[in-house]
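Coordinate-derived values only; no laboratory data. Only a predicted model underlies this, so the values are computations on that prediction, with no experimental measurement involved. Glycine also receives a Cβ, built like all others from the backbone with ideal geometry; neighbour counts cover every protein chain displayed.
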Amino acid sequence: MSLSPAAQAVFDAWVAPARIAPEQVSRGPKQALSQAIRAAADQVAPDDGVASSIERIVEKRIRAKLLAIAAELKPR
């Protein structure tokens with residue numbers, strides 16, 4: 001699995017406490033990790049369609065980055 005540095009850092013932090021080799025992680029747990037990151041994005045920066053202030057624009061960028069990581073980690 002080839003991941004961006006950001007997605008790789010998240011994945012490594014997730015498997016490290018369990019001391020699991022990354023290649024041993026099955027599709028189900030990867031799907032759960034991806035869904036958890038999407039849920040975090042929804043909590044941190046909900047998609048309400050409004051980007052009228054600098055703060056909201058920054059939130060949208062954060063959301064986009066989190067969702068990009070989630071998409072990379074989602075099994076295909």
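A few points about this structure:
- Under the condition of being outside any helix (DSSP H, G or I) and touching a residue at least 24 places away in the same chain (Cβ under 8 Å), the residues counted in the range 42-76 number 2.
- The set of residues from the range 43-76 being within 15 Å of residue 10 (Cβ to Cβ) and of a type in the set (Val, Ile, Thr) comprises 44, 62, 69.
- Every test in (1) free of Cβ contacts under 8 Å to residues at least 40 places away in the same chain; (2) among the aliphatic types (A, V, I, L, M); (3) part of a helix (DSSP H, G or I) is passed by residue 20 save one, and that test is (3).
- Note on the range 1-46: residues that are among the acidic types (Asp, Glu) and exposed (fewer than 12 other Cβ atoms within 10 Å of the Cβ) total 2.
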